[in-house]
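The values are calculated or read from the model by the stated rules, or taken from the named source; none is laboratory data. In this text the structure is predicted, and so the values were computed from the model without any measurement. No Cβ is skipped: glycine too gets one built from the backbone with ideal geometry, and neighbour counts run over all protein chains shown. Remember, those area values only see protein heavy atoms, side chains included, never the ligands or the DNA or RNA. Shrake-Rupley method; radii C 1.70, N 1.55, O 1.52, S 1.80 Å.
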Amino acid sequence: MTGHERNTVAPGLAGFPAAEGSLSVVPIDPVADPRWDALVREHPEAGPYHLGAWAEILRTAYRDEPAYLALQSPDGELVGGLPLMHTRGLVTRRRMRSLPVVPPAGPLAPHEDGARALIEAACRLADGSGARVWTLHARTAGYEELVADLRPVPKHPTWILELPADVDELRAGWKKTSNNLWRSLRKADKAGVTVREATSELDLRAFYALYLRTMRRRSTLPRPYRQLREDRRLLGPSGAFRLFVAEHEGDIVAAGVYHALGDAVDLLYNGSDDSRLDTRPNHALYWHVIEWAAEAGYTHMDFGHAKPGSSLARFKAQWSAREVPEYRYDYVPGSPGGAPTPGPGRALEGRGRQGLMERTWQRLPLPLTRLAAGVAYRYL
């Protein structure tokens, strides 16, 4: 094989050079084709949201349409891939996203040429699909330099803790560096808060009840229960899905949904009983997961994104988590040279002064917040 050989591409992507050599960009079903997850589990930049099950989870929960792309060698070996979903709403209209809902799942490739091939193939797919915009979320900077039609959009960072070999030493050090955290952990211990890994449907429903209350308190639309149900069903058996619950006096008072793959554990959703926060259940929950992750051999824990300078960012930073950039890129079909993303754009998350809508939302019955979220995710 020489560098002068022409590349091949999948139908619908015809005429697009894939990458160096004879690699080709092809569509792939990440659920049915075992090569996808084999690639994800071996690639050093892959995270839990690259796993093929997410195509089915998002399809079931939101009726999104998978359109994953793979980078393939002539002998059929997968050497790269890019998760893609088609989404549609009455207001947002048809879009492509990599991926909606979950943390970044950017292109996996053996080299820059491979990443460029996958991104450009996704752009061509957007051109031919009627998508209004394709949005790519990633942990890698500079994709707009690989593909000039991508436009970077501001995005809040995530917060990642590098897990030490001795977590007890980490906790002891917080007495000097994060005294409020150290005292809160002692308060949880004295209150008798305990934490366990949960595996039953009953536990998942208990978590979801707390999650609904937490999302209402934050004036945020909750995700549907069917997403969590499918997540647990598809990823629970492999250990990629983990649910931990904190209990006090026999009641579940805080809980968190985590995902684990490779050397990292990610927090996706959490919820807590605001009437029991004086026992510091969230602190007990986070500490238990840190202990569990370190003992299981994981080296990083991702606390999720937060606006720098916000109370949420300060809460995450006190655990010795560091700020890690995340990146969003938009491609607008038919706008070479980089027209801005159409419409008002998606607001960055973060709390400001509450308006009438936020105050009203916090007073709604929980079934109404759940119903409103279902309508919004289906039609907006």
Restricting to Cα pairs under 8 Å and 6 or more apart, the percent relative contact order of the chain works out to 20 percent
Checked segment 251-296 against the a/c 1.5 cut and the a/b vs b/c comparison, axes a ≥ b ≥ c from its Cα gyration tensor; verdict prolate
For the chain: lysine pairs with Cα atoms under 24 Å, gap of 8 or more or different chains, count?
-> 11
Would you look at the GNM of the chain, springs on alpha carbons closer than 10 Å, and say which of GLU323, GLU201, GLU120 moves the most?
-> GLU201
Between ALA38 and GLU145, Cβ-based FRET efficiency (R0 25 Å, step 0.05) works out to 0.25
When the accessible area of the chain is split by element with a 1.4 Å probe, what percent falls to carbon and sulfur?
-> 52 percent
Regression test value, accessible area per residue of segment 116-236, probe 1.4 Å, units Å², expected 47 Å²
Area accessible to solvent at VAL195, 1.4 Å probe radius, in Å² | 30 Å²
